[in-house]
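Only one structure is covered here, and it is reproduced in the block below.
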Amino acid sequence: MGTGDPSGMGLAHALASSMGGIKTTGDLVARMQLNKMRLPEAKRYVADKLGVSVLDLTDSTVMRTVREDLDIGVVTAVPGLAKGLEAKARIAELLDIRINCVERMKQKIGAPLR
Amino acid sequence: MSTIITRMGDAATVEMTADDLRRDIVEGSEAAAAKGKVPVLEDREVEYLVDMFTCPSRIWGVERGHEAILTKDGSTNTICSSRLSSGVCAPLNREAAVRLFETAFAFDTMEVGHTDYSVKPAKFLASLEAQHLEFLQHVTILPLFYGFMPNLGLYYRPDGPYPNPSDLLPMGKIAEARAAQEEALEACREDVVWLSKQMVDVAADGINYDTVASTGDADFLATLRACEEVTSTTGLPVEIGMAAEMVLGFHGELEYDGVRLAGLWPHQQLKLVEKAGAAIFGPVVNTNTRKSCAWNVARAVTFVKAVTAEATIPIHPNVGMGVGGVPTCEVVPADMVSRASAAMVEIGRADGL
């Protein structure tokens, strides 16, 4: 993105153009871009995996419920829902991708206790 | 004739007629086309920009369904650092700031990075940096990069051990200046690879090499070679974001994959970045403070459209202060940032910003 004061730069871009992070599906589409998928392909892939339309991907009203139902982390603070690594482990399974920190957690859990 | 209140490239308010704005948009696109030898904007794209800049609305945005991904270079410096990074020096540590970006600001991705942000000082704090990243990976959901600048300039005297080409070139010592750059770029490449691998070990989702080629073609070559090694040996996604629109030829003869690096424009840089194995490319188009924002946005999206037309990887053009049509000033106005932002996605066809 680039440098600038938080409200003039980051928030302006977030409101003008961004997918909305974990408020919607921005984190999920971003993970597919890390796998070199361009935007339309990444959005279609995530929409298919979630069983929603591409337009729904950035609809915070729709995605708030979908994310809670899938238990993949939500933007507001809700006790009992998956947090952090728990949510990412579920996202890796949902999107059928490898997430580095999830793989590391599996290694740590599976390692013998000397 | 009524006038429209808009801004110049230094963010100063200016009143222009609709005809003046249209002329600036056409001329901005033509300026990019002439420099980069890329196509000018189509008529319907010019009309979009005219509508956008003549609209009195304070904020502009993309059409619903056209939203793109944000990647954030400079880490949390905008929150935690000083005016050097347009920072507000909020009383928060980096972990708290990253979590704010994830929840309060709803960013799509975020990044951890050292406040200085250059690889040379950051490598001495690698274990601390890795610890920050490792901790955050436990508590966040969004993809987390580790970001830094190769910043080859720090490897030259007085900051580093190598003779400074800026001292040698004015003395006509061209061969010595080139030799110094060749030695320095190898040291820089080694540091970039080493620090990247430290972050692989603590499960970064990706590495962001930012402000690439700030020290010219040798800086770009060091980064491309590092990217090639990191992506081929670790599989870690790498984002390469540039420092300026054209690669300056401080060396002049350096090549990557048989292509001379000096003088490359964004769509030409893209091809090498793809060959190096990067997952995301961030082209830069410089802002001209003496021209209107309409002229600058038109010029920027013309360059970026030429990049996205040929790309096989996601393109996240830089739209920070002083680039991508955004004015050059310490505190940027959201009216112009939101317009540059939307234009990059709607006309430039950017996959992200």
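Every number here is computed from the coordinates shown, using simple stated rules; none is lab data. Because the structure is predicted, anything quoted here is derived from the model rather than measured. Positions of Cβ are backbone-derived with ideal geometry, glycine not excepted, and every protein chain shown enters the neighbour counts.
Roughly what angle does helix B:18-36 make with the longest principal axis of chain B, taking Cα atoms, 0 to 90 degrees, to the nearest 10?
In chain B, helix B:18-36 runs at an angle near 30 degrees to the longest axis.
When Lys and Arg each count +1 and Asp and Glu each count -1, what net charge do the other residues less than 13 Å away from B:Ile280, Cβ to Cβ, add up to?
With Lys, Arg at +1 and Asp, Glu at -1, the neighbours total -4.
For B:Phe101, what charge total do you get from the other residues with a beta carbon under 15 Å from its beta carbon, if Lys and Arg give +1 and Asp and Glu give -1?
Taking every other residue near B:Phe101 into account, the sum is -4.
Assuming R0 = 35 Å, what is the FRET efficiency of B:Glu255 and B:Gln131, from their Cβ-Cβ distance, to the nearest 0.05?
0.35
Count of lysine pairs in the range A:17-110 with Cα atoms under 22 Å apart, counting only pairs 8 or more residues apart in sequence or on different chains?
Value for the range A:17-110: 13.
Distance from a point 7 Å along Cα→Cβ of B:Cys55 to each backbone N in the range A:51-69: keep the residues under 18 Å and list them by number.
What the label zone holds, given the 18 Å backbone N cut-off, is no residue at all.
For q = 0.09 Å⁻¹, what log10 I(q)/I(0) does chain B give under the Debye formula with an equal point scatterer on each alpha carbon and no solvent?
Values returned for q = 0.09 Å⁻¹ are -0.49.
On average, how many beta carbons from a partner chain sit within 10 Å of the beta carbon of a residue in B:289-301?
0
If packing is taken as the average count of other Cβ atoms within 10 Å, what order do B:239-246, B:211-218 fall into, highest mean first?
Top to bottom by mean Cβ count within 10 Å: B:211-218, B:239-246.
For the range A:32-114, how big is Rg over Rh, using alpha carbon atoms and the Kirkwood form of Rh?
Taking Rg over the Kirkwood Rh, I get 1.03.
Give me the distance in nm between label points sitting 7 Å out from Cα along the Cα-to-Cβ direction at B:Val139 and B:Asp167, one decimal.
Output for this residue pair reads 4.6 nm.
Which whole number gives the average count of other chain Cβ atoms within 10 Å of the Cβ atoms across peptide A:80-93?
2
Arrange the peptides B:15-25, B:194-204, A:3-13 so that the one whose residues have, on average, the most other Cβ atoms within 10 Å appears first.
The most tightly packed comes first, giving A:3-13, B:194-204, B:15-25.
Give, as a single signed number, the net charge of other residues whose beta carbon lies under 11 Å from the beta carbon of B:Glu253, with Lys and Arg counted +1 and Asp and Glu -1.
-1
For the protein assembly as shown, what does -39500 (n - 2.57) per DSSP helix run (n ≥ 4), summed and divided by total residues, give at 222 nm, in deg cm²/dmol to the nearest 500?
When only DSSP H runs of four or more count, the value is -14000 deg cm²/dmol.
Please report the relative contact order for chain B, taking Cα pairs under 8 Å with a sequence separation of at least 6, and give it as a percent rounded to a whole number.
21
In sequence order, what are the phi-derived ³J(HN,Hα) couplings for the range B:97-107 according to the Karplus relation 6.51 cos²θ - 1.76 cosθ + 1.60 with θ = phi - 60°, rounded to whole Hz, with x for glycine and proline?
5, 4, 5, 5, 4, 6, 9, 5, 9, 6, 6
So if I take the centroid of the Cα atoms in the range B:57-75 and the same for the range B:153-185, what is the distance between those two points in Å?
Using only Cα atoms, the two centres lie 40 Å from each other.
Given contacts defined as C-alpha pairs under 8 Å and at least six residues apart, what's the relative contact order of the range A:30-103, whole-number percent?
Once normalised by length, the contact order is 18 percent.
For the protein assembly as shown, just the Cα atoms, rotate onto the principal axes and tell me the three extents in Å, largest first.
65, 59, 42
Could you check the simple spin-label distance between B:Trp194 and A:Glu103, using points 7 Å along Cα→Cβ, in nm with one decimal?
So the two model labels end up 2.5 nm from each other.
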